[in-house]
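Written out below as structure tokens is the structure these notes cover.
Coordinate-derived values only; no laboratory data. In this text, all values refer to a predicted model and were calculated from it rather than measured experimentally. Cβ placement follows ideal geometry from the backbone for every residue including glycine, while neighbour counts extend to all protein chains displayed.
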Number of protein chains: 2
Amino acid sequence: MADKKKRRRAAHDSDSDSESRPFQSKLKPDSVILQTLKALKSSCSTTSKTLSLSDVGLSSTCREVADLPIDEVQSEIESLAFTIAKSILSGEGFSFSVPSRSAANQLYVSELDRIVLKDKSSARNFGNVSTVRKATITLRILQLVHQLCTSNIHVTKRDLFYTDVKLFQDQTQSDAVLDDVSCIVGCTRSSLNVVAAEKGVVVGRLIFSDNGDMIDCTKMGMGGKAIPPNIDRVGDMQSDALYILLVEKDAAFMRLSEDRFYNRFPCIIVTAKGQPDVATRLFLRKMKMELNLPVLALVDSDPYGLKILSVYGCGSKNMSYDSANLTTPDIKWLGIRPSDLDKYKIPEQCRLPMTEQDIKTGKDLLEEDFVKKNPAWVEELNLMVKTKQKAEIQALSSFGFQYLSEVYLPLKLQEQDWL
Amino acid sequence: MADKKKRRRAAHDSDSDSESRPFQSKLKPDSVILQTLKALKSSCSTTSKTLSLSDVGLSSTCREVADLPIDEVQSEIESLAFTIAKSILSGEGFSFSVPSRSAANQLYVSELDRIVLKDKSSARNFGNVSTVRKATITLRILQLVHQLCTSNIHVTKRDLFYTDVKLFQDQTQSDAVLDDVSCIVGCTRSSLNVVAAEKGVVVGRLIFSDNGDMIDCTKMGMGGKAIPPNIDRVGDMQSDALYILLVEKDAAFMRLSEDRFYNRFPCIIVTAKGQPDVATRLFLRKMKMELNLPVLALVDSDPYGLKILSVYGCGSKNMSYDSANLTTPDIKWLGIRPSDLDKYKIPEQCRLPMTEQDIKTGKDLLEEDFVKKNPAWVEELNLMVKTKQKAEIQALSSFGFQYLSEVYLPLKLQEQDWL
């Protein structure tokens with residue numbers, strides 16, 4: 001039976017060769033490609049330093065939060081409470097100074113290659129009719145977070161909402177104030193022990209600890225390991241990978257995982273299954289920082305693929321106060337790039353016409369600083385907007401289901417074809 | 001530092017006692033609750049036999065598919081191809097007999113407690129203008145599946161679509177025909193090596209193999225193990241659990257996982273993070289069958305919670321042809337049940353008013369056979385529709401974040417309060 005399968009597979013391999021799988025003949029032996037990857041990894045070691053606000057002289061005009069141990073979060077909240085009590089006892093009521101998170105208070109800093117929050121704040125006064133509700137909610141959230149610190153457990157934003165539905169009324173209100181509380185305390189949301197639901201998975205040449213359990217990601221079958229929601233319980237990362245492969249969609253993840261691509265070209269494969277969630281962004285950054293590995297991104301060739309890449313790389317405006325912890329510097333755009341469509345002869349019928357909305361999103365991206373600062377990206381995006389064509393990673397299936405893992409990716413790596 | 005945390009936790013425990021956490025004082029020692037669970041598990045052993053269509057005399061009027069090894073799927077497709085070739089050579093063109101999957105061809109069988117497909121079929125003729133397109137698509141899907149069998153790899157429905165966009169035009173067409181092909185070949189969709197993206201996770205007292213790797217789910221930290229998309233690569237299940245806890249949402253999963261609830265009351269905890277996907281349904285059934293464990297469900301107290309429970313238990317109409325493989329018999333409704341709202345004194349502000357749509361869905365469910373056959377469920381659902389109130393699992397957070405794992409669930413288990 002096993003023999004039969006092997007014979008079949010061999011027969012299949014030989015007849016599915018170059019005519020149906022373009023560029024297969026261009027592939028050099030794996031050992032040559034591995035040399036390329038080793039060179040990439042060692043070049044990465046020298047660029048690993050990441051700048052902070054003070055390095056670029058912005059520490060007084062911009063603000064950002066830090067990962068704080070729960071003891072510090074707790075004392076920070078306690079000292080806030082003392083200040084408030086003092087203010088009340090002196091007959092002045094109380095007020096919070098809350099950093100503004102509006103668009104006007106955001107700044108893309110090219111030296112840091114990420115979006116940061118400027119230093120505008122506004123007063124949230126308990127003694128003012130227009131702000132009394134928000135001031136009360138802020139105090140309540142501070143109290144709940146303090147409770148989480150004392151019992152040292154993690155909860156979701158939904159849990160938090162349900163502890164006081166009467167006050168919060170709907171979850172958008174408690175969520176927004178939670179971000180305010182991060183800014184007020186000056187720590188990340190994970191430091192507050194409030195986590196988002198995880199959806200990312202990881203597989204490949206990585207060993208790490210999750211809440212005290214050692215996880216070997218080469219032994220996670222095809223499903224992979226679910227990325228833990230709370231990054232502060234993740235540690236002890238070890239790896240013999242040469243790079244991290246960041247994949248937009250789970251279909252491509254599954255293909256690479258089943259083919260154990262990570263063993264042929266040693267890597268760690270990670271996906272958030274679409275829009276990057278906070279847990280996956282934190283996990284990616286932690287891998288990059290602790291293992292000092294280059295990150296190559298495989299996303300759809302459409303404006304949203306590039307947008308997703310930019311969220312991993314430069315952060316989202318919504319959480320710019322925490323961009324230092326959430327962003328991963330120096331992600332390379334491996335594919336599928338607009339120029340790949342012709343270069344790899346993706347059949348016309350597997351390309352999709354861009355909608356008006358797609359084209360608008362593409363043009364908007366061209367105005368973004370983080371795209372502009374990379375001329376090669378601008379060129380690719382211009383090509384996309386000009387040809388008005390997009391393509392998903394899955395479009396490569398038109399050359400056979402394993403074309404992605406057996407030809408496209410190895411060739412990309414061999415040719416060092418990343419930007 | 002560790003000491004400090006311990007002291008804090010203890011302090012917290014003592015002051016968050018019965019007044020703020022109702023019913024905590026009712027809890028008996030864990031050993032008593034464990035006795036209850038052991039009794040539940042042994043009662044399960046005798047009810048594990050599941051009936052098939054032939055047991056209830058329906059094998060000639062209903063149809064269902066089976067899990068087939070890829071060799072058999074391959075020969076089945078090859079013999080179909082021979083029949084077609086013969087028909088063409090004899091000058092008759094060709095035609096498929098395709099089982100109808102319309103609502104009129106569905107039947108709930110109470111003895112089986114699941115929805116099955118009746119035996120109506122229609123001809124899909126290549127020589128007829130109205131069916132030529134679908135016949136061509138059917139043949140193409142058969143060919144692609146044959147290719148998957150020969151190379152023995154798994155792909156997603158999206159991959160399949162992209163192999164021939166010109167023909168399929170949009171993915172709903174290739175998806176629908178894929179279900180037809182399952183019915184024609186008489187095998188499950190997983191047997192065709194076409195899998196859905198996985199979203200489920202599992203944690204707790206389970207060891208199993210995923211694509212050859214042994215996974216110990218007690219050592220999966222807080223994130224848990226992602227449920228593999230392809231059930232045929234899952235095997236060697238071992239467990240010392242007393243029951244399976246099926247959880248609707250990931251927030252509750254996270255709470256139980258962080259608190260390692262599965263060690264205190266030995267169980268396996270599984271969630272599909274909302275709507276049950278095929279991979280999670282197959283995985284749950286496999287656990288139930290191989291380990292012979294009772295399944296207790298923890299869902300929101302709203303019509304969708306019950307609907308989700310019913311999909312795990314009785315199947316969806318869309319895939320009724322495969323209900324035998326996708327459904328898990330004898331799932332107990334543990335909570336949150338409409339009667340729990342008053343029983344556990346869920347505060348008014350944590351209950352939500354049902355919308356018109358909710359009430360309609362609830363009333364529709366009351367007409368469904370799988371609800372009707374369980375009078376206790378009907379009573380609960382009637383109460384929900386009457387009070388017009390719903391509540392999420394997270395509503396329990398109003399008594400403290402760990403009320404779910406430390407009071408509500410232990411008490412439910414102690415009182416054997418499942419239906």
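For segment B:358-419, the Cβ-based charge dipole about the Cα centre amounts to some 200 debye (Lys, Arg positive; Asp, Glu negative; other atoms uncharged). Put simply, the Cα atoms of segment B:153-248 extend 50, 27, 27 Å along their principal axes, the longest span coming first. The C-alpha atoms of chain A define a longest principal axis, and helix A:132-151 lies at about 70 degrees to it.
Stretching B:I207 away from B:R21 to a fully extended chain increases their span by 63.5 nm, per 0.36 nm per residue minus the current alpha-carbon distance. The aspartates and glutamates within cross-link reach of B:K118, meaning a Cα-to-Cα straight distance under 18 Å and a gap of 8 or more places when in the same chain, are B:D55, B:E64, B:D179, B:D180, B:D322, B:E368, B:D369. Protection proxy ranking, highest mean first, for peptides A:50-63, A:304-317: A:304-317, A:50-63, where packing is the per-residue count of other beta-carbon atoms within 10 Å, averaged.
Between copies, the label points of A:I359, set 7 Å from Cα on the Cα→Cβ line, lie 4.8 nm apart, reported in increasing order to one decimal in nanometres.
Dipole of chain B computed with +1 at Lys/Arg Cβ and -1 at Asp/Glu Cβ about the Cα centre; of B:S43, B:L298, B:L68, farthest Cα towards the positive end is B:L298. Taking Cα centre as origin and charging only the Cβ of basic (Lys, Arg, +1) and acidic (Asp, Glu, -1) residues, the dipole magnitude of segment A:268-360 rounds to 200 debye. What is the sum of charges around A:W377, taking Lys and Arg as +1, Asp and Glu as -1, for the other residues whose C-beta is under 11 Å from the C-beta of A:W377? Local charge sum for A:W377: +1. Here the Gaussian network model covers chain B, with springs between Cα atoms less than 10 Å apart; of B:S151, B:S75, B:S43, B:S151 fluctuates the most. Note on chain A: dipole from Cβ charges, positive end direction compared against A:P22, A:S323, A:V378; the farthest Cα belongs to A:P22.
How much length would be gained if the chain were fully extended between B:D330 and B:N128, taking 0.36 nm per residue of separation minus their Cα-Cα distance, in nm to one decimal?
68.1 nm
Using the Karplus relation 6.51 cos²θ - 1.76 cosθ + 1.60 with θ = phi - 60°, the per-residue 3J(HN,Hα) values for segment B:356-372 come to 4, 5, 4, 5, 4, 4, x, 5, 4, 4, 4, 8, 6, 4, 5, 7, 3 Hz, with x marking Gly and Pro.
Considering only Cα-Cα distances, which of the following residue pairs are longer than 30 Å: A:K157/A:K225; A:K286/A:K388; A:K225/B:K373? Among A:K157/A:K225; A:K286/A:K388; A:K225/B:K373, the Cα-Cα distance tops 30 Å for A:K286/A:K388; A:K225/B:K373. Seen from A:R63, the other residues with C-beta closer than 11 Å to its C-beta sum to a net charge of 0, counting Lys and Arg as +1 and Asp and Glu as -1. With a threshold of 28 Å on the Cα-Cα distance, the over-threshold entries among A:K199/A:K390; A:K249/A:K360; A:K363/B:K199 are A:K363/B:K199. Here the contact order of chain B, divided by its residue count and restricted to Cα pairs under 8 Å and six or more residues apart, works out to 17 percent.
In debye, nearest 20: dipole of the protein assembly as shown around its Cα centre with unit charges on the Cβ of K, R (+) and D, E (-)?
Details: 110 positive and 110 negative charges, 25 e Å.
Approximately 120 debye in magnitude.
Taking Lys and Arg as +1 and Asp and Glu as -1, the other residues whose beta-carbon sits under 13 Å from that of B:N128 total +2.
Please compute the average number of Cβ atoms from other chains found within 10 Å of each residue's Cβ in peptide B:252-260.
Details: counts 3, 3, 10, 5, 0, 4, 9, 1, 2.
The shielding value for this peptide is 4.
Please give the average number of partner chain Cβ atoms lying within 10 Å of the Cβ of each residue in A:226-234, rounded to a whole number.
What the average comes to for A:226-234 is 5.
Toward the positive end of the charge dipole of the protein assembly as shown, with +1 on the Cβ of Lys and Arg and -1 on the Cβ of Asp and Glu, the farthest Cα among A:G204, A:V177, B:Q169 is that of B:Q169.
Which GluC sites (Glu not before Pro) in segment A:384-419 pass both tests, a DSSP loop state and at most 16 other beta-carbon atoms within 10 Å?
Working: sites: A:E392, A:E406, A:E415; in loops: A:E392, A:E415.
Within segment A:384-419, the qualifying GluC sites (Glu not before Pro) (loop, at most 16 other Cβ atoms within 10 Å) are A:E415.
If I stretch the segment between A:Q169 and A:V32 completely, what's the gain in nm (0.36 nm per residue apart, minus their alpha carbon distance), one decimal? Could you put the intermediate results ahead of the total?
Numbers: separation 137, 0.36 × 137 = 49.32 nm, distance 6.08 nm.
Full extension from A:Q169 to A:V32 adds 43.2 nm.
Set the Förster distance to 41 Å, then compute FRET efficiency between A:K386 and B:F82 from the Cβ-Cβ distance, nearest 0.05.
Working: r = 50 Å, r/R0 = 1.23.
Once the sixth-power term is evaluated, E becomes 0.25.
Per-residue ellipticity at 222 nm, computed for chain B from helices alone with -39500 (n - 2.57) per DSSP H run of at least four residues, works out to -13000 deg cm²/dmol.
Average partner chain C-beta neighbours within 10 Å, per residue of A:388-396?
3
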